[in-house]
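Here's the structure, in structure tokens; my notes come after.
The values are calculated or read from the model by the stated rules, or taken from the named source; none is laboratory data. Bear in mind the structure is a predicted one, so any value in this text is a computation, not a measurement. Cβ sites come from the backbone with ideal geometry, for glycine too, and all protein chains shown count toward neighbours. Each accessible area value is taken on the protein alone, full model and side chains, heavy atoms only, with ligands, DNA and RNA left out. Shrake-Rupley method; radii C 1.70, N 1.55, O 1.52, S 1.80 Å.
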Amino acid sequence: MGYASKEDIDELYGTDLLVRVADYNKDGTPDPEVIAKGLEAADEICDAYLSAQYSIPVVPTPGVVKNCAIDIAVYKMALGRTGRTDEMRVRYEDALKLLEKISTGKVGLGLPPVTGDDGTVTDPNVKRSGRSFDSRRA
């Protein structure tokens, strides 16, 4: 399961946008394979950034990551269409900037602690243990 779904895009932006960016065969409905490729590209980009600080995939999906995945997927789907807008580009760039901040620890995931069946509490916002690569090390 990915960070976002067709239903998430539809809920946030509506079916009209999906038709505009994912109807490559121009039959009036979004092409499922175009949507799948866009969502897969978004997952790969999100994972690339998130893996710098967290075990991937991040489960449950934080809302900020889902929204980033939606905007990335829409932009990627629109690359093959003439319906790409400046707003899509800005949202895509903003999503990448937010993921960059998450990957460097400047912004957290915003997830609540999770209580397991055995009563143990896990904080999904905890970064990986160990040091990140730092070229400034002496």
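In table form, for the structure just shown:
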read-out	value
Diffusion coefficient, µm² s⁻¹, Stokes-Einstein with Kirkwood Rh over alpha-carbon pairs of the chain at 10 °C and 1.306 mPa s	98 µm²/s
With Cα atoms, 0 to 90° folded angle of helix 63-78 axis to the chain main axis	30 degrees
Amide H within-cut-off set for I56, under 5 Å, with H built and near neighbours excluded	none
Within the accessible area of the chain (1.4 Å probe), percent carbon and sulfur	51 percent
The chain: Lys pairs at Cα distance under 20 angstrom, eight or more positions apart or on different chains	18
Estimated 222 nm signal from helices in the chain, with DSSP H stretches of n ≥ 4 weighted -39500 (n - 2.57), rounded to 500	-16000 deg cm²/dmol
Per residue value of the accessible surface for the chain (all protein chains in place, 1.4 Å probe), Å²	62 Å²
Estimated D of segment 46-87 in µm² per second, where Rh is the Kirkwood radius over Cα pairs and Stokes-Einstein applies at 4 °C, 1.567 mPa s	112 µm²/s
Most to least packed among 44-57, 20-33 [average Cβ atoms within 10 Å]	44-57, 20-33
